[in-house]
Amino acid sequence: MRQRGLSVAERTRRRLIEPLRRRMIGPLMARLGYDLTPAVPEWAHHPLSKREVDRLVAGAAAQLAADLAVAEVCAPADPEGLVRDFLGRIRSSPVRQKHGGNGFNGALQIYAIARALDPPVIVESGVFRGFTTWVLREACPEAKIYSFDPVLKHLRYRDPGTTYRSDDWSSFDFSGVDLSGALALFDDHISQERRLGEAAACGVRHILFDDDAPAHAIHGQGGPAYPTISMILAENRDGDCEPVRWVRNGREFVWRPDREGIRSAQERIAVAHRLDDMHRLTGYSPARLTYVRLKTP
């Protein structure tokens, strides 16, 4: 039966390439120790029946509202409407990444928080292919966005209203830019303790951190930014600050907490809330985002 709504290329792929992948290429790669999967974004897979769509929307909306309440961010009046709006938007995303960066759940949370805060300025450190820049622009069409990444050649989406820089955000001259109402998104594998201090120095108070893993689970992160917010908050600032050690891909890592640095970071934070990963609600890959609001100087 012909499937409606599919492009000629997609129908050709399903008719010719997919059987080849399943019968020959896939088994060969499996014997070599690799898993071959189609390079499509996860949101290309989604429920179709109204009942299941409604369940996904209701569950995601309720969890978003609960997370925003704990984070002390004013939730939208119609959270289910926001989720439905996002469902309609993400299918037109110009960035169709399969690996790396945020997936559906993380993008939805970024979209919801950006819409709720409605910041006039957004600072994004870690751009990759430009997916989160697109999400932020969809959420805040009037915001001035500054995006930083050492390598910009991988961009699949370049926003015409965004300032792109290949240097670190901390070296940029924000003179004349009011950052007191800004939102910063850090997905850059740089120490989150360092980013806290930089944000505080610039007057940025609202921050989203990606890959915020606790110390006992940081071994599961690829190239993690440590110390993470969870690691900072778990330390007893008056204690011995025992080193945290882990191994990944045969390489040993160690973080030796600095008591003064931990105390300073903890004292800057007014609110820190790790958002629910939402995997059980949507079926999509878990998100790892934490919202932080810094104290007013």
Check your understanding: Considering only residues of the stretch 80-94 that are part of a helix (DSSP H, G or I) and among the small types (Gly, Ala, Ser), which is farthest from the chain's Cα centre (by Cα)?
Key -> 81
Check your understanding: Out of (1) crowded, with 19+ Cβ neighbours inside 10 Å; (2) without any contact (Cβ under 8 Å) to a residue 60 or more places away in the chain; (3) in a helix (DSSP H, G or I); (4) not acidic (Asp, Glu), the odd one out for residue 115 is which?
Key -> (1)
Review point. Checking residue 201 against (1) without any contact (Cβ under 8 Å) to a residue 40 or more places away in the chain; (2) touching a strand residue (DSSP E or B) at 6+ places or on another chain (Cβ under 9 Å), which test does it fail?
Key: (2)
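Give the residue that is farthest from the chain's Cα centre (by Cα), with candidates limited to residues of the stretch 114-154 that are of a type in the set (Gly, Ala, Ser) and at positive phi.
130
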Study note, to complete from the structure: Of 281, 275, the only residue that is assigned by TED's automatic domain parsing to the domain that holds residue 64 and crowded, with 21+ Cβ neighbours inside 10 Å is 275
Revision key, fill the gap. Within the stretch 147-174, of all residues that are among the aliphatic types (A, V, I, L, M) and surrounded by 11 or more Cβ atoms within 10 Å (Cβ to Cβ), the one farthest from residue 133 (Cα to Cα) is 152
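The values are calculated or read from the model by the stated rules, or taken from the named source; none is laboratory data. Treat the numbers as computed from the prediction; the structure is a model and nothing was measured. Note: ideal-geometry Cβ built from the backbone for every residue, glycine included; neighbour counts use all protein chains shown.
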